[in-house]
Amino acid sequence: MLQHQVRKVSEILLASTLVWMIIGCKSKVEPQFPPEAEGTTVVLLSDHWKLEQPGAAISVKDTVLHRPLIITHTRDGKYHAFDAWCPHTGCPVSTSPAPGVENLECPCHSSSFDLEGTVQKGPSPASLVEFALEVRGDSLVIDLSNRTVRKGG
């Protein structure tokens, strides 16, 4: 009798988990965006040698938003600054792509973004939030009050 009840409970738990996995990940999720902020943050290129090479991405801690930012250096020589949280559910996006792979990956649900922040593979409903960035000598000046939110790819 007890063994039968344990088996039934296990079956119910398994079924409910499968339903959650199927419906939960397919359901519409509101994009997660950083809070509004005023001010700038500065990243010194001399402190981040990895950014010297086009195709690079790093994560830096911002002191205004108090959350990480992703800085990329694209093949065309441009720098970009993004909020480091995936718009899908707010998981941290990885800046350590495999050698030869120039995509940023979200480990939670496998969303993928190129180095310009554009979503390449969902389920993320939006690209990464990009902040305005200006190169001033050895400094990348990021304007946190000037951000772009793009839906889809």
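The values are calculated or read from the model by the stated rules, or taken from the named source; none is laboratory data. Everything numeric here is computed off the predicted structure, so don't read it as measured data. FYI the Cβ positions are ideal-geometry reconstructions off the backbone, even for glycines, and counts take in every protein chain you see.
Only residues that are closer than 18 Å to ASP143 by Cβ, of a type outside the set (Ser, Thr, Tyr) and either at pLDDT below 90 or not in a strand (DSSP E or B) (or both) were counted across the range 47-78, and they come to 8.
For ASP76, indicate whether it is among the acidic types (Asp, Glu), more than 11 Å from the chain's Cα centre (by Cα), assigned by TED's automatic domain parsing to the domain that holds VAL135 and crowded, with 16+ Cβ neighbours inside 10 Å.
Numbers: among the acidic types (Asp, Glu): yes; more than 11 Å from the chain's Cα centre (by Cα): yes; assigned by TED's automatic domain parsing to the domain that holds VAL135: yes; crowded, with 16+ Cβ neighbours inside 10 Å: no.
Answer is no for this residue.
The set of residues in the range 107-141 that are surrounded by 14 or more Cβ atoms within 10 Å (Cβ to Cβ), among the hydroxyl-bearing types (Ser, Thr, Tyr) and not in a strand (DSSP E or B) comprises SER111, THR118, SER124, SER127.
Only one of the listed residues (LEU104, LEU144) is buried (at least 20 other Cβ atoms within 10 Å of the Cβ), within 8 Å of the chain's Cα centre (by Cα), part of a strand (DSSP E or B) and modelled with pLDDT of 80 or more. That residue is LEU104.
Of PRO107, PRO123, PRO92, all but one fail to be without any contact (Cβ under 8 Å) to a residue 40 or more places away in the chain, over 28 Å from VAL141 (Cβ atoms) and touching a Cys at 6+ places or on another chain (Cβ under 8 Å); the exception is PRO107.
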